[in-house]
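Since the structure comes first, as structure tokens, the remarks are kept for the end.
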Amino acid sequence: MTHQADEQFFVAKRSWSKQKDRILEGYLSNYLPKVSQAIGRPILVVDGFVGPGKFSDNSDGSPLLIARCIARSRFSAKLIAIEANASLHKQLCDTLGPFSFATAKHGSFEEHLGDILQASKTHSVFLFLDPFALKGLDLASLDHVFRLLEAGSSIELLLNFNAFAFCRCARASLKAPLEIDEEAAPVPTLSPAVLNTIAGGDWWQEFVAPDVSFVDQVDNTILGFRKTLETRFKHVQFYKVFASDSHRIPKYFLVFASRSDTALSLMNDEAVNARREFLANEYPRDSGLFDIVQLEKTRHGADIDATILAGAREWTERGTLIQHVIECWFGYLLRKEIRSRIQELLRTGHLASKDGRTTLNDNALIRQCEPPPLLFDS
């Protein structure tokens with residue numbers, strides 16, 4: 001499992017990669033103290049496909065971002081960064097040299113998977129996997145690590161999955177015709193067996209049927225990928241990384257998997273911040289458009305309120321309801337903003353608390369009013 005990127009790939013960082021960096025760095029800043037306090041195991045962060053650690057334009061690569069994040073934290077953690085290319089590995093060693101807790105490993109991710117498997121039995125492990133090519137991903141092999149979750153291991157995954165490229169290869173393997181949403185660039189030849197290894201099964205084949213549009217195939221593929229990971233993880237969510245807000249298909253998906261409610265909430269907030277930063281760059285203030293939060297509220301506000309009400313048909317703890325909204329609308333509202341929406345629905349009579357109070361904590365029971373008033377945009 002190598003990323004198959006050469007030195008040319010690391011000349012300059014692409015604009016869309018900054019969204020990935022924003023989420024990775026922001027989440028780890030919160031992950032390190034939360035895990036240290038809650039679990040008490042030593043922490044191991046694994047960056048599986050790293051390159052030289054720094055781009056030629058002086059941008060930090062993922063291992064350097066992670067190393068700086070650990071160094072800023074007062075909580076101890078180790079970093080293993082893996083690179084298969086000998087020349088890039090030499091540069092990586094120089095990049096990580098100042099960080100005593102970081103180790104640059106030479107070889108493929110697959111070659112070091114056994115060591116990661118052993119470490120997962122005694123450490124809290126955060127896996128960041130960003131393979132350059134599809135063949136760098138082997139979900140079947142990774143499942144040997146994920147199975148340790150059943151024995152109580154603490155494992156989290158942040159994975160860059162290129163569903164667009166996967167669908168193109170899948171369609172080519174089944175000799176499906178190109179569509180207008182596909183690029184004209186040559187498609188790598190990957191056999192169905194290789195695609196099964198990448199996806200962790202043959203479930204993907206039902207999503208490349210001729211009667212399904214390419215856009216839907218991409219979305220359905222990430223949902224199938226999510227269902228596969230949900231056999232091991234309690235929470236699996238994805239963040240769509242777009243090059244432009246006008247595009248129909250993302251550049252790639254960041255897939256997050258964890259069994260922790262707290263972790264999901266933390267990652268949601270980082271995804272929200274990254275998304276709003278991206279939209280702010282797409283729609284600068286001098287463009288005459290309203291602010292980004294208002295833009296998102298206009299797009300999704302009524303639907304999110306409907307989700308809140310649907311999740312509270314029976315008496316439900318506020319914390320459980322917030323978690324439900326995060327799962328349905330991952331990356332759209334901060335946790336504190338969901339609390340505010342619930343508070344507003346209480347004020348307008350759409351929701352009621354069991355004890356009649358309007359000042360609540362996450363253990364307070366709330367329910368949709370019967371019959372509920374008509375929703376309106378407050």
Query raised in the report: Among the residues of segment 308-340, which ones are closer than 14 Å to M267 by Cα and part of a loop (DSSP other than H, G, I, E, B)?
Result: W329, F330, G331, Y332, L333, L334
Report summary line: With the first residue restricted to segment 270-285 and required to be among the aromatic types (F, W, Y), and the second required to be surrounded by fewer than 15 Cβ atoms within 10 Å (Cβ to Cβ), Cβ contacts under 7 Å at 6 or more apart or on different chains are Y283/L289
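Yes/no per residue for (1) at pLDDT 90 or above; (2) under 14 Å from the mean Cα position of the chain (by Cα); (3) of a type outside the set (S, T, Y):
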residue	(1), (2), (3)
F10	no, no, yes
S17	no, yes, no
Y27	yes, yes, no
Q37	no, no, yes
Report summary line: Note on segment 81-98: residues open to solvent by less than 60 Å² (accessible area, probe 1.4 Å), out of contact with any Pro (no Cβ under 9 Å at 6 or more places or on another chain) and under 12 Å from A67 (Cα atoms) are G97
**Report entry** Positions within segment 307-361 being over 19 Å from H235 (Cα atoms) and among the aromatic types (F, W, Y), in sequence order
**Finding:** W315
Query raised in the report: Just checking, how many residues over segment 158-172 are polar (S, T, N, Q) and either farther than 17 Å from L195 by Cα or open to solvent by 30 Å² or more (accessible area, probe 1.4 Å) (or both)?
Result: 1
Query raised in the report: How about segment 308-333: which of its residues are buried (at least 17 other Cβ atoms within 10 Å of the Cβ) and hydrophobic (A, V, I, L, M, F, W, C)?
Result: I308, L309, A312, L321, I322, V325, I326, W329, F330, L333
Query raised in the report: Just checking, which of K240, K297 is at pLDDT below 95, surrounded by 14 or more Cβ atoms within 10 Å (Cβ to Cβ), part of a strand (DSSP E or B) and not hydrophobic (A, V, I, L, M, F, W, C)?
Result: K240
Query raised in the report: Of all residues in segment 205-225, how many are among the hydroxyl-bearing types (S, T, Y) and either modelled with pLDDT under 85 or not in a helix (DSSP H, G or I) (or both)?
Result: 1
Report task. Determine which member of the set L223, L266 is out of contact with any Pro (no Cβ under 8 Å at 6 or more places or on another chain) and touching a residue at least 60 places away in the same chain (Cβ under 8 Å). Result -> L266
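In segment 146-157, how many are within 12 Å of L229 (Cβ to Cβ) and either in a helix (DSSP H, G or I) or open to solvent by less than 10 Å² (accessible area, probe 1.4 Å) (or both)?
Number of matching residues: 4.
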Requested in this report: Could you list all residues from segment 196-212 that are farther than 22 Å from P131 by Cβ and open to solvent by less than 50 Å² (accessible area, probe 1.4 Å)?
Outcome: A209, V212
Report task. Mind listing whichever residues of segment 113-144 are open to solvent by less than 10 Å² (accessible area, probe 1.4 Å) and within 19 Å of K78 (Cβ to Cβ)? Result -> I116, S120, S124, V125, F126, L127, F128, L129
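The values are calculated or read from the model by the stated rules, or taken from the named source; none is laboratory data. The shown structure was predicted, so the numbers you read here are calculated from the model rather than taken from an experiment. Here the Cβ is made from the backbone with ideal geometry for all residues, glycine too, and neighbour counts use every protein chain on show. Heads up: the accessible areas ignore ligands, DNA and RNA and are worked out on the full protein's heavy atoms, side chains in. Shrake-Rupley method; radii C 1.70, N 1.55, O 1.52, S 1.80 Å.
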